[in-house]
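Report on the structure given below.
The values are calculated or read from the model by the stated rules, or taken from the named source; none is laboratory data. Keep in mind that what you see is a predicted model, and the values were worked out from it rather than measured. Cβ placement follows ideal geometry from the backbone for every residue including glycine, while neighbour counts extend to all protein chains displayed.
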Amino acid sequence: MKTIKLSPNWTLQGSKIALAILVALSVTLLGAPLLMLMLPALLFITVLNFLQVRFLHCYKAGICYSRGFGKRYINAEDILAVEFNQVAFITVFKISLQNGKSYQFMNWQVDEQQQSDIAKLYKSKAGCAIKPNLQCKA
């Protein structure tokens, strides 16, 4: 069984850490305790990635992912469309389901080869062809 395991976007994680440091320095220099509430929110996802609690795996049978608390599955038969949109250094991986729901994964590093492989995994299930912008719709 072919598995495509996506790794966290470490550039994004580094940006979050840098922003957290800036917030901490601002609190120290400006004395604004309200900004301290932002630190846990900025660092929570990064800590989960370092602990490898968050993951995203694409299998032929579907997608298995965790956002930090428990595993979740998306069956390949339910996948209607797969899209990849690049925004700066973030690749947004969007999955649309037949029931109208959609899921977006933004915290993952997806190169062009992985995008192509993921689109190929689900094109036969979704009954669609791979288009130049790597968007797969039925």
Pick from segment 94-125, criterion out of contact with any helix residue (DSSP H, G or I) (no Cβ under 8 Å at 6 or more places or on another chain) and among the aromatic types (Phe, Trp, Tyr), ranking: surrounded by the most Cβ atoms within 10 Å (Cβ to Cβ): Trp108
Note on Ser96: of the conditions (1) in a loop (DSSP other than H, G, I, E, B); (2) in contact with a Leu (Cβ under 6 Å, 6 or more places away or on another chain), unmet is (1)
Considering only strands (runs of 3 or more DSSP E) wholly within segment 2-84, the ones with at least 1 residues that are of a type in the set (A, V, I, L, M, F, W, C) and at pLDDT 90 or above are 55-59, 62-66, 72-75
Filtered residues of segment 58-75 (kept if within 12 Å of Ile118 (Cα to Cα) and hydroxyl-bearing (Ser, Thr, Tyr)): Tyr59
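Residue under question is Phe89, and the condition is that it be closer than 14 Å to Tyr122 by Cβ and of a type in the set (A, V, I, L, M, F, W, C); does it hold?
no
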Return yes when Val110 is aliphatic (A, V, I, L, M) and modelled with pLDDT of 90 or more and no when it is not. no
Subset of segment 75-90 (residues that are in contact with a helix residue (DSSP H, G or I) (Cβ under 8 Å, 6 or more places away or on another chain) and within 16 Å of Gln13 (Cβ to Cβ)): Phe89, Ile90
Scan segment 118-130 for residues that are in contact with a Lys or Arg (Cβ under 8 Å, 6 or more places away or on another chain) and either modelled with pLDDT of 50 or more or not in a helix (DSSP H, G or I) (or both) and jot them down. Leu121, Cys128, Ala129, Ile130
How many residues, within segment 60-91, are of a type outside the set (Ser, Thr, Tyr), touching a strand residue (DSSP E or B) at 6+ places or on another chain (Cβ under 7 Å) and surrounded by 15 or more Cβ atoms within 10 Å (Cβ to Cβ)? 12
